[in-house]
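The values are calculated or read from the model by the stated rules, or taken from the named source; none is laboratory data. Just so it is clear, the model here is predicted, and its values are computed rather than measured. Don't worry about glycine lacking a Cβ; one is built from the backbone with ideal geometry, like all the others, and counts go over all protein chains shown.
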Amino acid sequence: MSNVSLKPRLWITRRLSDATLERAVRDYDVVINHDDLPGTAEQLIAASAEFDAIIPCHSEHFSAEVVAQFSDRLKIIANHSVGVDHCNLPALQGRGIAVTNTPDVLSDATAELAMLLMLGAARHAVAGDKIVRTGAWDSWSPAFMVGKQVTGARLGIIGMGRVGRAFATKARGFDMEIHYYNRSQLPADQAKGATYHDRVESLLEVSDFLSLHCPATLDTTNLMNADRFGLLPMGAVIVNTARGVLIDEDAMLAALGTGRIAAAGLDCFQVEPGGNPAFAAHNNIFMLPHIGSATRQTRDAMGFRALDNLDAFFAGKLPGDLL
């Protein structure tokens, strides 16, 4: 019997980094979705009978209904993502399927993008680019394109996990005053002088800038609703690089209309892909297509982290990122 036949069979649902695919092909009997389209429910169900393992992305949805139709062959889902709101964990665990994710490795890349969005939203990046790009820049005055200064401002962070702390570190370089809400207060060596709030509401009241870094759960869906937008200081800027469901998008548009928020920087939306078409009319919404972790270094690290989890599992060890 050849060594190839002894390798666990692995389905990789999307086009991952070249380095990741090279390592996967070396160590596993791999099928790669080179079409790079999201795996459908039907494909996931079929794969459960054909593969020992799957490396999916956030684009594949393991609902309870889908998982109920799985074969007993599938043993592990090694997500190529930190967030696992696309996985019904109780259903998967009920079938004895291990689930892992890729924490840590994308924190800095996502925090960098949050900083880009915050600065771009605060300083009219969309409108300014459009004016220059279209040849409409034909005058200047002291009142032209006046934005909101980041340096020295109060920054509120909801969710002080790995990405939230990485963002706070970068924001300190702009001498921002850091406030945060988290499920629990951080130890002093992690808080690094940031002010803890045990209620979202008290955090919002002091947040000239607000950045969201919490997971998508039933409790955080529409976390930022009309009432909570109303608690922000007038002219606040909101940034979201976490999950689109954290923001009630109609409420955000209303808050933009009243000036309660001056601008928004968004990398995620309620509907993905596609986003919210109503946002396109607003130059004070700076948008990117959910690319927080999209650097070569981070994509390699995410893929390798997923493979590390698979390697441990098939060696009979506990994966480091087992959920």
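Quick notes on this structure:
- Spans of helices (runs of 4 or more DSSP H) in region 17-74 with at least 2 residues touching a Leu at 6+ places or on another chain (Cβ under 6 Å) and closer than 24 Å to Asn88 by Cβ: 64-67
- A Cβ distance below 8 Å, combined with a sequence gap of six or more or placement on separate chains, defines the contacts here; from region 133-152, residues that are in the same structural domain as Ala168 (by TED's automatic domain parsing) reach residues that are part of a loop (DSSP other than H, G, I, E, B) and exposed (fewer than 11 other Cβ atoms within 10 Å of the Cβ) in the pairs Thr151/Asp175; Gly152/Asp175.
- Screening Leu218, Leu322, Leu232 for residues that are more than 17 Å from Leu106 (Cβ to Cβ) and buried (at least 22 other Cβ atoms within 10 Å of the Cβ) leaves exactly one candidate, Leu232.
- Some residue of region 6-14 being farther than 26 Å from Gln297 by Cβ and of a type outside the set (Lys, Arg): yes
- From the options Ser59, Ser48, residue that is under 27 Å from the mean Cα position of the chain (by Cα) and within 26 Å of Thr221 (Cα to Cα): Ser59
- Any chance Leu256 is assigned by TED's automatic domain parsing to the domain that holds Ala153 and part of a loop (DSSP other than H, G, I, E, B): no
- Here region 171-189 is the region considered, the condition is being of a type in the set (A, V, I, L, M) and surrounded by 10 or more Cβ atoms within 10 Å (Cβ to Cβ), and the residue that is nearest to Met115 (Cα to Cα) is Ala171.
- Hey, Leu310 touching a residue at least 24 places away in the same chain (Cβ under 8 Å), crowded, with 18+ Cβ neighbours inside 10 Å and under 15 Å from the mean Cα position of the chain (by Cα) or not: no
- Going through (1) within 30 Å of Phe229 (Cβ to Cβ); (2) aromatic (Phe, Trp, Tyr); (3) surrounded by fewer than 22 Cβ atoms within 10 Å (Cβ to Cβ) one by one, Phe286 falls short only on (3).
- When restricted to residues that are of a type outside the set (Gly, Ala, Ser) and surrounded by fewer than 17 Cβ atoms within 10 Å (Cβ to Cβ), region 10-20 contains 2.
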